[in-house]
Amino acid sequence: MKDLLFPVAVIAILTLLLTQGCAKDEGPFYVQPPLDTINGFDTVSFADVVLPIFIQHCWVCHPPNGGMDLGLHNAYAELVNVTSTGYPPEKRVVPYDPMASVLWHKVISSGEFGLAMPPNGVITTEELLSIRSWIEQGAMDN
Ligand code: HEC
């Protein structure tokens, strides 16, 4: 019985090492979370999330640049489904469709519609994701 103890112990340790090793190789399955999860909210609020971005980064020039007011009271009405002053017949913001929205092209510096916005380039990736989610969710006045 005593002679068996050593081989049994060795097998037990080897088994433990092997199974631990395998578990580690496989790793946890990583699934890319949707953007909204990264942002930490399901529905982006225009009033609470998007408007403060415009006030902070854009209002200093709008009005009057681009014939557009991105301030507290007028931003929504001057953006959603409104024809661009500089790039007609394109719309400033097309609900559900960032790539059809002049504003989105400008904030990602796509070069399709003149200058990148803001021209000093201080907008963060998180702010960009919020703007995109807001447009994708229908550019609601929420
Ligand atoms: C330093 C001044 C400045 C800041 C800050 C700025 N813009 Fe502009 N913006 C301009 C100028 C000048 C134009 C007109 C020239 C052009 O279209 O590139 C313009 C044009 C635009 C237009 C096109 C309007 C139209 O109807 O043709 C959009 C949309 C826009 N800006 C969005 C933004 C957003 C969103 C921000 C903030 C993230 C921002 N801008 C910040 C100066 C600025």
Highest to lowest packing among 50-56, 118-124, scored as the average C-beta count within 10 Å:
50-56, 118-124
Calculate, for residue 142 and residue 99, the FRET efficiency according to 1/(1 + (r/R0)^6) with r their C-beta to C-beta distance and R0 22 Å; round to the nearest 0.05.
0.50
Please report the base-10 log of the normalised intensity I(q)/I(0) for the range 55-142, using a Debye sum with one equal scatterer per alpha carbon and no solvent, at each q in 0.14, 0.20, 0.21 (1/Å).
-0.42, -0.95, -1.07
Between residue 110 and residue 61, with labels modelled 7 Å along Cα→Cβ, what's the label distance in nm to one decimal, could you check?
1.8 nm
If contacts are Cα pairs under 8 angstrom and at least 6 residues apart, what is the relative contact order of the range 35-136 in percent?
25 percent
Taking 0.36 nm per intervening residue step and subtracting the Cα-Cα distance, what contour gain separates residue 87 from residue 129 on full extension?
12.7 nm
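None of the figures in this text is laboratory data; all of them are computed from the coordinates on show. Just so it is clear, the model here is predicted, and its values are computed rather than measured. Positions of Cβ are backbone-derived with ideal geometry, glycine not excepted, and every protein chain shown enters the neighbour counts.
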